[in-house]
Structure formats: structure tokens, C-alpha cells
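Worksheet: one structure, shown below.
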Amino acid sequence: MSASVLVPTVVSPIVVSLYVPAIFTGLIVGLIGLMAIAYQKDDLNALILTDIVGMGMLILVAAVGTDLAEALILPGLVVELAEILAISEILMSREMRKKGETAELIPLPTSMDMEVMTTAPTFLAIILIVYGAFLSGFTGGAVAGGGILFYIISRRMRGVPSDTWEGIAGVSGIAWCLWLVGFLVFFVFPQYWLLALFLAAFGVFIKVAFKAGLIGVIGREEFNKK
Amino acid sequence: MDIIILGQQLMGYIPLGDIVLYLAPVNLFMFASALAFTTLIAISRTETQVEAGVGTLKDQEVKVDKDEFKIRRFLAIVCGLATAGAMITGDLFNFTLFVCLIGIVNIGIVAAVKQIDVLDAAFQYGLVAMIAILPLFGGAAMILASTGTISLLEIAHIPTTFMMIFGSLLLFLGVAGETGVAPFYATKAEMFRTPGSPFLLIIHLSSLLVIIRVIEILLIINKPF
Amino acid sequence: MSRIGRFWNSLATPKKIPRFYSVILGVLLLVGFIMPLALNDQQLYPRPTPQLQIDENDPLAPYDRGGVPLKEPGIVKSQYPQFSEKSGMVTSYLSPIAIGVSNTTIYYGTSIYSSPGGLIDEILYYSRGFDTILESTILMMAFVVATWVALHFTMKRREEE
């Protein structure tokens with residue numbers, strides 16, 4: 001296959017011609033979100049509406065249409081999710097202090113008394129974790145994390161030793177260090193790039209999986225208190 | 001590479017793939033002062049506020065307990081390191097990520113308090129920080145689109161276009177929101193009304209240094225002289 | 001005069017700040033509609049014309065950037081090729097499982113970046129790896145803040161009662 005099919009020297013004219021419509025879409029999405037934030041009075045609504053503003057940002061980045069832009073979307077998306085996670089927790093803490101009431105950490109609309117929650121969690125969790133390990137990286141981490149989350153939530157009545165949380169958090173931190181080592185190997189010992197790639201890919205995998213799992217552990221501890 | 005940035009001869013650079021950290025004298029000085037301040041914070045203890053009771057002689061001490069102290073010190077150190085990193089990074093997108101890290105750690109430093117007013121201010125600051133992601137990353141993406149690069153060392157040679165000016169305006173507004181400078185200071189000023197002084201000061205220092213750095217970046221992009 | 005005073009006062013109320021900020025940002029975004037916007041076609045990491053590789057029935061489409069796993073580097077148009085010595089090797093790498101899957105189907109490219117190796121991994125872990133490290137630090141800090149607040153307030157409260 002010729003090199004021009006693999007990687008062209010300039011961005012293709014189709015992408016260039018789509019740039020202005022894409023930017024306008026992004027600006028309009030951003031404006032809609034900002035207008036809504038400026039009009040509304042409720043704090044929770046404002047928090048949810050910032051997500052729309054974030055969508056506008058993603059469109060602005062994606063409009064560039066190169067592989068670089070595709071790689072830059074990921075940090076943008078993660079930063080947005082991370083901030084919404086931390087800020088919503090602060091909002092909850094503030095409301096609880098103001099009103100003096102407590103709330104569920106993970107409010108569930110129903111009692112979740114389903115057949116699948118008692119019979120299949122181990123099987124489903126193992127399948128998801130194995131598949132996630134095959135995928136590796138962020139995608140795999142999300143899949144495997146979903147598996148752990150599901151397992152822990154469905155097993156919430158059994159109870160797991162209370163120091164599990166610290167253990168999982170520790171493993172997640174170690175995985176992050178693995179990744180840092182992998183990153184350094186890329187530059188200090190470039191000949192071991194394959195090792196570095198695997199350190200990075202599985203460091204991310206373990207880290208993201210356990211991050212999702214932590215949500216489940218916190219949720220379970222909350223349930224056990226009843 | 002023999003490059004002069006804003007009239008300064010580079011003293012060196014740290015290449016990390018496409019992201020090159022460059023060491024110009026001014027940046028290096030700000031980097032060192034951020035690190036020095038972070039070290040000071042890491043070894044210091046928190047203040048204790050005293051609330052005077054009206055009409056009585058009973059004063060109430062507002063202290064920071066051990067757990068809170070630990071998490072705050074940790075977050076303050078991360079904030080100092082992020083500030084130091086933002087001083088020397090030579091990549092636009094890398095810089096925006098450093099600013100986002102500073103923003104979220106700032107929220108975290110005050111998230112541990114019990115005063116409702118402070119929590120409310122932290123929440124409102126968080127909202128602004130989240131909205132500010134749009135101009136931050138959007139501005140960086142526009143500069144990428146119009147120049148084809150996000151390395152500041154390359155952008156320094158590219159003649160300025162209207163789109164770059166617009167992108168850098170967006171970037172500046174994003175940094176202004178994320179660091180809470182005037183006229184968006186109210187949320188940040190409110191956040192200081194809580195005990196734990198040395199850790200709170202890093203919030204101040206980080207926004208000061210980041211603003212200086214973003215002005216340098218705007219000069220590099222727009223080349224007014 | 002009193003209206004200006006009221007305006008300054010409202011700036012000092014934290015609750016008004018997000019709305020004030022979004023109004024200013026909205027005005028700036030409106031300026032974007034009258035700006036001369038155009039995409040510079042000299043970009044880093046360009047990608048082929050949409051659908052081009054798919055029409056050629058390439059199993060790795062649209063992420064095929066050439067190269068042979070472990071032997072030849074793929075084509076990578078990075079900013080500073082001199083700073084990444086083994087540039088392109090990650091791009092061309094495919095794990096044994098990935099090679100097996102790509103031999104059976106022509107749609108493997110749609111999930112290429114969910115296995116180690118490939119172009120996106122090259123950018124995310126190697127040439128712009130520092131960005132991804134920062135990004136995961138942001139995620140970690142958000143988790144630290146959220147779980148700390150949850151463990152100490154949202155949950156301890158219930159014990160106190």
C-alpha cells in the first residue's frame with residue numbers, strides 16, 4: 001500500500017472544508033450551555049449544564065481532525081469527568097450540612113432485588129475482567145472496572161473486610177507508579193520500548209479498573225451501615 | 001536547538017517526546033521559587049484560628065485535625081509541584097493540563113472544611129473551573145488548528161493570524177476562570193475564610209505564578225513587539 | 001452611580017460568579033462567529049481522507065499507519081522526531097492476539113486502540129506521554145478529594161447519629 005494512503009502529507013480537503021461548520025457547531029453548543037447556566041438559579045442544574053459546555057469543548061478539539069486531535073480528546077474528557085466527580089461530592093457535603101439531613105451515597109431507585117444480582121455476579125465479573133485485560137489501556141480499564149463494580153454492588157450484603165478500600169486504593173496507586181516507570185523507560189532506555197508500552201498499557205488498565213471498583217466499595221460500605 | 005524566547009537565550013531543555021520543557025532564566029526562577037515555597041509548606045504546621053464569643057469571655061479555637069491536616073498537606077504539595085511544572089512546560093496543551101490540575105487541587109484543599117459558606121464558595125469556584133475548560137482546551141485547539149503545532153518553541157516563529165489572537169484570548173479567559181483572578185475573585189476570596197493558613201497560601205501563589213506564565217505565553221503567541 | 005455600586009456588590013457574591021463568567025465567555029464565543037476561521041492543512045499526525053482505507057478493505061482501517069510489528073516502524077509525523085528515538089515502533093506494534101483477530105476480520109481497526117500498540121498508544125504513551133500522566137493525575141486528585149469527602153463526611157455522619 002502506498003505511503004499516501006497510510007499517511008498523507010497534508011490534511012485532506014474534506015476535513016479542511018468541514019472545519020468551519022464543526023467549529024460553529026462547537027460554538028453554538030457552548031453558547032447554549034452558557035446561556036442556560038446564566039439563566040438558571042439552581043446549583044445542581046448548573047453542575048449538570050457544565051457538561052454541555054464540556055461537549056462544546058470536545059467539538060472544538062475534534063474539529064482539527066488529525067490523529068493528534070483524537071489523542072487530545074481523551075485528556076479533555078477525563079478532566080471534565082474528574083472535576084464533575086469532585087464538585088458533585090462537595091455539593092452533597094454542603095447540602096447535607098445546610099439541611100442537616102443525610103442522603104444515600106449511591107441512591108438507587110429500586111431495591112435492586114433481581115435474579116441476576118444473586119446468581120451471576122461472579123461469572124459476569126470474571127468475563128468482564130478477562131475481556132478488559134485483553135483490551136488493556138483506558139477502554140479495558142473501564143470494562144474491567146464495570147465488572148468489579150457490578151460484583152461488589154451485587155455482593156453488598158455479604159460484607160468484605162473494611163480495609164479492602166485502602167488495599168484497592170494502594171494497588172491503584174502502585175499501578176500509577178508502574179506507568180510512570182514505563183514513561184521514563186521510553187526516554188531513558190528507548191530500546192526497551194516494548195516493555196515500556198506494556199507497563200504503560202497495563203498500568204492504566206489496573207489503575208482505571210480499580211478506580212471504578214472503588215466506587216463500588218464505597219457504595220457497599222454505605223449499604224452495610226444500615 | 002538554539003532558540004531565543006522573548007529575548008532570552010535558553011539555558012537548556014528537557015525533551016519528553018513532543019513535549020519539551022524549556023529552561024529560560026525567568027521560567028527557571030519561577031520554577032525554583034515555586035519549589036522552594038512548596039518545601040516550606042511541606043514542613044510547616046497549620047495556624048489555629050480563634051473565634052471570639054460575643055458577650056462572654058469564652059473563646060473558641062478552630063483547629064485542623066490530624067486527618068484533615070494530612071490530606072491538605074498532600075494536596076498543597078501536589079499544587080506546588082503542578083505550579084512548578086506549569087512554569088517550565090513548553091507545550092500549550094501540557095500547560096492547560098497543568099492549570100486544570102492546579103484548579104482541581106485548589107478545590108480539594110478547601111473541600112475538607114466544615115463551614116457552609118466556604119463549601120459554597122468552593123462549589124461555585126468549581127463551577128467556574130468546569131466552564132473554564134471550554135476556553136482553555138478550545139483556545140489551545142484553535143491555535144493548533146491555525147498553526148499546525150502546539151509547541152511554544154515552534155509557535156514563536158509563526159506569524160500571528162486573527163485566529164491565533166482569538167485562540168489566545170480564549171486561553172486567557174480560561175486561565176482567568178481556572179485561577180479565579182479579578183473580576184472572578186469573589187469565590188476564591190471566600191475560600192480563604194477557613195483555618196489552615198500555609199496550605200491556603202499555595203492557592204494564592206499558584207494563581208499568581210500561573211498568571212505571569214500565561215502572559216508570557218500570550219506574548220509568545222501574539223508577538224506584539 | 002448606585003447601579004454601578006450594586007454591580008460591584010454583586011461581583012462579590014460567590015453565587016453570581018459562575019453566571020457572570022458564563023456571560024463573558026458567551027460574548028467572547030459570539031466573536032468567534034465573525035472571525036476568519038480556517039484549518040491550516042500542515043498539521044502534525046495527519047490522517048488519511050475519511051473512508052479511504054476502509055474502501056481498500058484494510059483490516060486495520062482507519063488506523064493503519066504502515067510498518068511491520070517489532071521490525072519496521074510505522075509512519076509518524078511527530079513534532080520532534082529527534083527526541084523520540086524509537087518513534088513509530090509502538091505505532092506498528094500489534095499484540096499476537098490482535099494479529100490473530102485482524103486476520104479473521106476486516107473490521108479490527110475499529111477497536112485498534114483498545115489493545116496495546118497502535119497509533120493512539122504511540123501518541124498517548126510515548127510522544128505525548130506526559131500529557132496523559134498529568135491527565136491521570138487530575139483523575140487521581142479528583143478521586144482523592146471525592147473519596148475523602150465521602151469517607152469523612154457523607155459516611156461518618158451516619159455513625160455519629
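Miscellaneous remarks
- Fewest-first sequence of C:Glu72, B:Glu68, A:Glu101 by Cβ atoms within 10 Å of each Cβ: A:Glu101, C:Glu72, B:Glu68
- Computed over the Cα atoms of chain B, the ratio of the radius of gyration to the Kirkwood radius (Rg/Rh) comes to 1.05.
- Each residue of segment C:63-72 was assigned a 3J(HN,Hα) from its phi angle through the Karplus curve 6.51 cos²θ - 1.76 cosθ + 1.60 (θ = phi - 60°); the sequence is 10, 6, 10, x, x, 10, x, 6, 10, 10 Hz, with glycine and proline shown as x.
- From least to most packed, judged by other beta carbons within 10 angstrom and beginning with the fewest, A:Cys177, B:Cys79, B:Cys100 follow the order A:Cys177, B:Cys79, B:Cys100.
- Computed over chain B with a Gaussian network model linking Cα atoms closer than 10 Å, the most mobile of B:Met163, B:Met87, B:Met142 is B:Met163.
- Paramagnetic reach from C:Phe33 (point 7 Å along Cα→Cβ, amide N under 19 Å) across segment B:131-148: B:135
- Taken residue by residue and averaged, Cβ atoms of other chains lying within 10 Å of the Cβ of C:92-103 number 1.
- Ranked list, fewest to most other Cβ atoms within 10 Å of each Cβ, for B:Arg213, A:Arg97, C:Arg128: A:Arg97, B:Arg213, C:Arg128
- The phi torsions of segment B:133-146, fed into the Karplus equation with coefficients 6.51, -1.76 and 1.60 and a -60° offset, translate into couplings of 4, 4, x, 4, 6, x, x, 4, 5, 5, 5, 4, 5, 8 Hz, rounded to whole numbers, with Gly and Pro shown as x.
- Using the Cβ-Cβ distance between C:Ser10 and B:Glu51 with R0 set to 30 Å, the FRET efficiency works out to roughly 0.60.
- Computed over chain B with a Gaussian network model linking Cα atoms closer than 10 Å, the most mobile of B:Ile150, B:Ile14, B:Ile211 is B:Ile14.
- Helical contribution to [θ] at 222 nm, DSSP H n ≥ 4, -39,500 (n - 2.57), averaged over chain B, rounded to 500: -21500 deg cm²/dmol
- Averaging Cα coordinates gives a centre for segment B:171-200 and one for segment A:174-190; these two points are 34 Å apart.
- Each label was represented as a point 7 Å from its Cα along the Cα-to-Cβ direction; for A:Ala133 and A:Ile32 these points are 4.3 nm apart.
- Calculated FRET efficiency, B:Ile211 to C:Glu72, Cβ-Cβ distance, R0 = 51 Å: about 0.60 to the nearest 0.05.
- 3J(HN,Hα) along segment A:126-134, derived from phi through the Karplus expression 6.51 cos²θ - 1.76 cosθ + 1.60 where θ = phi - 60°, amounts to 5, 4, 5, 5, 5, 4, x, 5, 5 Hz, with x in place of Gly and Pro.
- Over the C-alpha atoms of the protein assembly as shown, the Rg to Rh ratio, Rh being the Kirkwood estimate, stands at 0.97.
- Take each residue in C:49-59, count the other chain C-beta atoms within 10 Å of its C-beta, and the mean is 3.
- Inter-part distance where segment B:120-140 and segment A:5-22 are each reduced to a Cα centre, Å: 31 Å
- Amide H contacts of B:Leu16 (H built 1.01 Å from N, under 5 Å, at least 5 apart or other chain): B:Leu21
- Selected from B:Asp117, B:Asp59, B:Asp18 as most flexible by GNM, with chain B as the system and alpha-carbon contacts under 10 Å: B:Asp59
- Point-to-point label distance, A:Val20-B:Ile4, nm (Cα→Cβ direction, 7 Å offset): 3.9 nm
- For A:8-21, mean number of other protein chain Cβ atoms within 10 Å: 5
Every number in this text was worked out from the coordinates using simple rules, so none of it is lab data. Computed from a predicted model, the values in this text were never measured in an experiment. Neighbour counts are summed over all protein chains in view; Cβ atoms, including those assigned to glycine, are modelled from backbone coordinates with ideal geometry.
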